[in-house]
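Q: This is the structure I want to talk about, given as structure tokens.
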Amino acid sequence: MKILLIGSGGREHALAWKINQSPLCEQLICAPGNAGICEIADCVDIKADDVDGLVQFALREAVNFVVVGPEVPLALGIVDDLTQQGIAVFGPTEAAAMLESSKAFTKDFCTRHDIPTAKYDVFTNVADAKAYLGEMSAPYVIKADGLAAGKGVVIAETKEEAERELDEFFSGKFGDAGECVLIEEFMTGHEISFFAIADGKSVLPLIAAQDHKRAFDGDKGPNTGGMGAYSPVPGFDDEKRIMDEILIPTVRGMAAESAPFTGVLFAGLMMTADGPKLIEYNVRFGDPECQVLMRRLNSDLLDMMFKAAKGRLVDVGLVEWSRDAVVNVVVAAKGYPGSYAKGEVIKGVDAANQMDGVQVFHAGTTRSQDGALLSAGGRVLNITAQGKTVAQAVNRAYKAIDEAVNWPGGFVRRDIAKQALPNKLCQTSFEGK
Ligand code: AMP
Ligand code: GLY
């Protein structure tokens, strides 16, 4: 098959690496890709949100199968457009992608189908929203309805702060995404990412991974796209409840509402004292979670995605996973998730890739005319490492960062997977070399 993969992050580098291992893959093209992806796929410079450009390209190049990495083209309806042109594609339609593109849709959907989630209400004007605060207690969870690149959620500690935030949400802080605002009950518990693949009718569980959303050690600093991840998650044994109470009712419910869901269902869950509750859905693999999933997956991902796209998930056999631990430490540009420099030279990635158990996936990288590797985004490299134990995987990842990767403009969190370690390793700050 001739495959077109859409996206340019660490998630897509990991997907490209895995797709390339499939005997079904004859040619892999990636749009737009990054410096790492371009080493293993043919890259074409079409942006992930240029839906018309991507569809025209797929038609012109007689692509057999399209895999969509990020959420934006899904929310823009790329799956509907490709399907209309007769091109097979893995991902949800625009209507099914509403599970990510509209938090209000998802919460109302959960109510209709009895899926456990935080109590909430939805508002389109500031006065009603402020009045509702009186019915809730602190802390207050305030969310923009639409896609806001992971930044549309505020947890306000006091009512005054919540009121100030509501003023900002309704005065366009998040553009269209904030015209409709949700206020939710604050849930306490441990947060986890759980992944599954659906084919419209049925749903196949993958595995759980742990993300680290905050920028700095000790879960301090602003929220980011994710600064690291690991899998397996020690002690996690809630798959059956998550499937029975959340994922199966979701896939059934979407089919019953004439928006059957095909693609990756990524449930952001709070493991509360009353059991797992849905925080939010994403309709694609998580980044940086995908990178650890792909390194643990022994089965043929491309085969699974193609069968799901054809509504034949039942034909996928047992999904096999390595028992090893995999850790991913993200190297980001200093300043991320705020403003940061681009175009800085990064050295040592090849040396890191030679180290035991280490595989580097690129995110925001590009090449200079003379072939030097340059930073080109906020999250720049993913240092993944596999080990027989979490401790071994963690040590391997940080060893690669300390002894091989050379980029003074980068920073990492030093406590990725620390909570999964028996002896809670702690190391000093990464300053590059
Ligand atoms: P979301 O984009 O909806 O996943 O929210 C971003 C982050 O805000 C989540 O990863 C949680 O850490 C936190 N969060 C969102 N909703 C709630 C809630 N109802 N209770 C507690 N924390 C929440
Ligand atoms: N790591 C969380 C996400 O991909 O949304």
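Q: Of Phe266, Phe261, which residue is within 16 Å of ligand 1 (Cβ to nearest atom), touching a residue at least 60 places away in the same chain (Cβ under 8 Å) and crowded, with 23+ Cβ neighbours inside 10 Å?
A: Numbers: Phe261 fails: within 16 Å of ligand 1 (Cβ to nearest atom).
Unique residue meeting the criteria: Phe266.
Q: Taking the options Arg252, Arg296, name whichever one is crowded, with 19+ Cβ neighbours inside 10 Å, of a type outside the set (S, T, N, Q), in contact (Cβ under 8 Å) with a residue 12 or more places away in the chain and more than 16 Å from ligand 1 (Cβ to nearest atom).
A: Details: Arg252 fails: crowded, with 19+ Cβ neighbours inside 10 Å.
So the residue among Arg252, Arg296 that is crowded, with 19+ Cβ neighbours inside 10 Å, of a type outside the set (S, T, N, Q), in contact (Cβ under 8 Å) with a residue 12 or more places away in the chain and more than 16 Å from ligand 1 (Cβ to nearest atom) is Arg296.
Q: Shifting gears a bit: Pairs only if they're at least six apart or on different chains, beta carbon under 6 angstrom, first in the stretch 182-200 and part of a strand (DSSP E or B), second within 16 Å of ligand 2 (Cβ to nearest atom) and among the charged types (D, E, K, R); list them, first residue then second.
A: That search, which allows pairs on different chains as well, returns Leu182/Lys103; Leu182/Lys143; Ser193/Asp211; Ser193/Glu289.
Q: Another one. Can you name the residue in the stretch 194-226 that is over 30 Å from Glu257 (Cβ atoms) and charged (D, E, K, R) and is also nearest to ligand 2 (Cβ to nearest atom) among such residues?
A: That would be Lys213.
Q: While we're here: Please tell me if Phe174 is of a type in the set (Phe, Trp, Tyr), modelled with pLDDT under 95 and within 13 Å of ligand 1 (Cβ to nearest atom).
A: Values: of a type in the set (Phe, Trp, Tyr): yes; modelled with pLDDT under 95: yes; within 13 Å of ligand 1 (Cβ to nearest atom): yes.
So Phe174 passes the test.
Q: Quickly run through the stretch 267-317 and pick out the residues that are within 24 Å of His13 (Cβ to Cβ), touching a Cys at 6+ places or on another chain (Cβ under 9 Å) and within 16 Å of ligand 2 (Cβ to nearest atom).
A: Arg284
Q: Here's a follow-up. Can you give me the ranges of the strands (runs of 3 or more DSSP E) entirely in the stretch 203-243 with at least 2 residues that are modelled with pLDDT of 95 or more, farther than 18 Å from Val292 by Cα and within 16 Å of ligand 1 (Cβ to nearest atom)? Spell out the reasoning first.
A: Details: elements: 203-211, 214-216, 220-223, 228-231.
In the stretch 203-243, 214-216 are the strands (runs of 3 or more DSSP E) which contain 2 or more residues that are modelled with pLDDT of 95 or more, farther than 18 Å from Val292 by Cα and within 16 Å of ligand 1 (Cβ to nearest atom).
Q: Any chance you could count how many residues in the stretch 187-231 are of a type in the set (Phe, Trp, Tyr) and touching a Lys or Arg at 6+ places or on another chain (Cβ under 8 Å)? Don't jump to the end; show me each part of the working.
A: Within the stretch 187-231, the subset of a type in the set (Phe, Trp, Tyr) is 194-195, 216, 230.
Subsequent filtering for residues that are touching a Lys or Arg at 6+ places or on another chain (Cβ under 8 Å) retains 216.
So the answer is 1.
Q: Here's a follow-up. Condition check: surrounded by 22 or more Cβ atoms within 10 Å (Cβ to Cβ), more than 18 Å from Ala149 (Cβ to Cβ), over 18 Å from the mean Cα position of the chain (by Cα) and modelled with pLDDT of 95 or more. Does Gly86 satisfy that? Steps first, answer last, please.
A: Working: surrounded by 22 or more Cβ atoms within 10 Å (Cβ to Cβ): no; more than 18 Å from Ala149 (Cβ to Cβ): yes; over 18 Å from the mean Cα position of the chain (by Cα): yes; modelled with pLDDT of 95 or more: yes.
Against the criterion (surrounded by 22 or more Cβ atoms within 10 Å (Cβ to Cβ), more than 18 Å from Ala149 (Cβ to Cβ), over 18 Å from the mean Cα position of the chain (by Cα) and modelled with pLDDT of 95 or more), Gly86 does not qualify.
Q: Kindly provide the set of residues from the stretch 181-192 that are buried (at least 20 other Cβ atoms within 10 Å of the Cβ) and more than 7 Å from ligand 1 (Cβ to nearest atom), ordered by number.
A: Within the stretch 181-192, Val181, Leu182, Ile183, Ile192 meet the criteria.
The values are calculated or read from the model by the stated rules, or taken from the named source; none is laboratory data. From a predicted model like this one, the values you see are computed outputs, not experimental measurements. Neighbour counts run over all protein chains shown; Cβ positions are idealised from the backbone, glycine included.
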